[in-house]
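Engineer: Sharing a structure below in structure tokens format, with a few things to ask.
The values are calculated or read from the model by the stated rules, or taken from the named source; none is laboratory data. Please read these numbers as outputs of a predicted model, since none were measured by experiment. Cβ placement follows ideal geometry from the backbone for every residue including glycine, while neighbour counts extend to all protein chains displayed. Heavy atoms of the whole protein, side chains included, go into the accessibility calculation; ligands, DNA and RNA do not. Shrake-Rupley method; radii C 1.70, N 1.55, O 1.52, S 1.80 Å.
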Amino acid sequence: MTKLPVLFVSCDADSIQSREQTCSGPARMIWGKQYKSVVVISSRADQKAPEILQLKGNGSTAGRIKTLLSDQGFEPEVHSRDVVSRHQLFRVLLAEEPGELTELILNTGMSELEYRRVGRCLEVLREQDVLLICLDDKACHKEADGISLHDRHLRELLSAWAQDQQWGAVMSFKGDAAGSAQNNRLDDPTVCLLNAAFTLGGSQFPQRMFSSGMNNAAQMLSGFGWMR
């Protein structure tokens, strides 16, 4: 069965909403692909536990996410909320607002393995007409403490993870080793989210990268795409 792409988008959501252009990098990546629902996965340092927000639609996707996460030992709460800013943001990112919109907010402070378990268990949604977007919202981070996508550091992280996965050097990827990955708590929201995106994309290096808005740092839009 054909899988929809997984996108990792880094931007300042508050600034990007004011853009009038709709031909963004994410929109070009999914051009011609059909989806019924969009799931946004974000991360916040002030979040206590994973939380699912039903932003638009009948909530069926929110229910599926809760079931999948619960099977992995997570206990996310589900709330129904209409966030106007999210609708505006995705008109810019996708050029077409989805019929159903759900957000999964991850807390920081879990282990590398736990974030990868989140991504791995939700990967099945890609085969169910659900477009998954990991939103690294810089407006929610302290810039001084965060890792910038443009430093090449994230690309180096992904490359190292992909090599470890390929050669089987890090057995904790499979969830069957009680190594340092289980005890190493992650505090950077970007790295937490990237771990989930990595396994959502099949634990491989992304096939696409994009960047736009280079003339305005506040409206920078960059990211990765796992296309297969």
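Engineer: Which order do Trp161, Trp31, Trp226 take by accessible area at a 1.4 Å probe, largest first?
Structural biologist: Trp31, Trp161, Trp226
Engineer: Return the distance in nm (one decimal) between the two label points of a simple spin-label model at Val124 and Arg91, each offset 7 Å from Cα along Cα→Cβ.
Structural biologist: Rounded to a tenth, the inter-label distance reads 3.6 nm.
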